[in-house]
Amino acid sequence: IQFIMEIKGRFDHFNFNVIDLEASIAFYGKALGLKEVKRKVAPDETFILVYLGDGKTDFTLELTWLRDREGAYDLGEGEFHLCLRVEGDYEQVREQHRKMGCICYENTEMGLYFISDPDGYWIEILPVK
């Protein structure tokens, strides 16, 4: 008799490697209201992990800073993205992102747009359903 265990996964966090940790923390706070919920500093200070949360779910965005990293990260063809749903007046949020100069793509027919963080990662912005 073969026993097969059912595995149930759940999302926990997503990672972006960043060049300027403080600039990234500030960007995600201003653009999306994300706040630092946890920080881990390596004993030898070669890396810092900062986890940002929305205050409503347990899912976090992990920002990884590497002390010895030189130059920007190669994001390949950029065919990946994180998506966040924003509460409140969607057009007001879009206008704030427009003023910040971080909108990198809009598709008005589909009712969505993307912002780009300081390292060039794309974040899709949708209204709360």
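The values are calculated or read from the model by the stated rules, or taken from the named source; none is laboratory data. All values reported here derive from a predicted model rather than from experimental measurement. Reconstructed Cβ throughout: ideal geometry from the backbone, glycine too, with neighbour counts over all protein chains shown. Remember, those area values only see protein heavy atoms, side chains included, never the ligands or the DNA or RNA. Shrake-Rupley method; radii C 1.70, N 1.55, O 1.52, S 1.80 Å.
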**Prompt:** Between G101, Y73, Q2, whose Cα lies farthest towards the positive end of the dipole of the chain when Lys and Arg beta carbons carry +1 and Asp and Glu beta carbons carry -1, centred on the Cα centre?
**Reply:** Q2
**Prompt:** Given a cut-off of under 8 Å on Cα pairs at least six residues apart, what relative contact order in percent is computed for the range 42-89?
**Reply:** 28 percent
**Request:** About the Cα centre of the chain, how large is the charge dipole given +1 on each Lys and Arg Cβ and -1 on each Asp and Glu Cβ? Please answer in debye to the nearest 20.
**Result:** 500 debye
**Asked** In the full protein assembly as shown, how much of F80 is accessible to a 1.4 Å probe, in Å² to the nearest 10?
**Response** 90 Å²
**Request:** Could you do me a favour and compute the accessible area per residue for the chain, 1.4 Å probe, result in Å²?
**Result:** 69 Å²
**Prompt:** Mind checking which aspartates and glutamates have their C-alpha under 19 Å from K56, skipping anything on the same chain fewer than 8 residues away?
**Reply:** D12, E36, E87, D89, E124
**Request:** Mind checking the range 18-53 for GluC sites (Glu not before Pro) that DSSP puts in a loop (not H, G, I, E or B) and that have at most 15 other Cβ atoms within 10 Å?
**Result:** E45
**Asked** Do any of K8/K30; K8/K40; K8/K99 go past 32 Å between their Cα atoms, and which?
**Response** K8/K30; K8/K99
**Asked** In the range 29-120, which trypsin sites (Lys or Arg not before Pro) fall in coil by DSSP and have 15 or fewer other Cβ atoms within 10 Å?
**Response** K56, R67, R69
**Message:** At 1.4 Å probe size, put S116, S24 in order of accessible surface, largest to smallest.
**Reply:** S116, S24
**Complete:** Mean separation of Cα contacts under 8 Å (at least 6 apart) over the residue count of the chain, i.e. the relative contact order in percent, is 23 percent
**Message:** Please compute the modelled spin-label separation between E106 and N15, points set 7 Å along Cα→Cβ, answer in nm with one decimal.
**Reply:** 3.5 nm
**Message:** If each DSSP helix of 4+ residues adds -39,500 (n - 2.57) and the sum is divided by the residues in the chain, what number results at 222 nm, nearest 500 deg cm²/dmol?
**Reply:** -5500 deg cm²/dmol
**Request:** Grab the Cα-Cα distance for I7 and A26, subtract it from 0.36 nm times how many residues apart they are, and report the gain in nm with one decimal.
**Result:** 3.1 nm
**Request:** Provide M100, M110 ordered by accessible surface of protein heavy atoms (probe 1.4 Å), highest first.
**Result:** M110, M100
**Asked** Y105 accessible area, nearest 10 Å², 1.4 Å probe?
**Response** 100 Å²
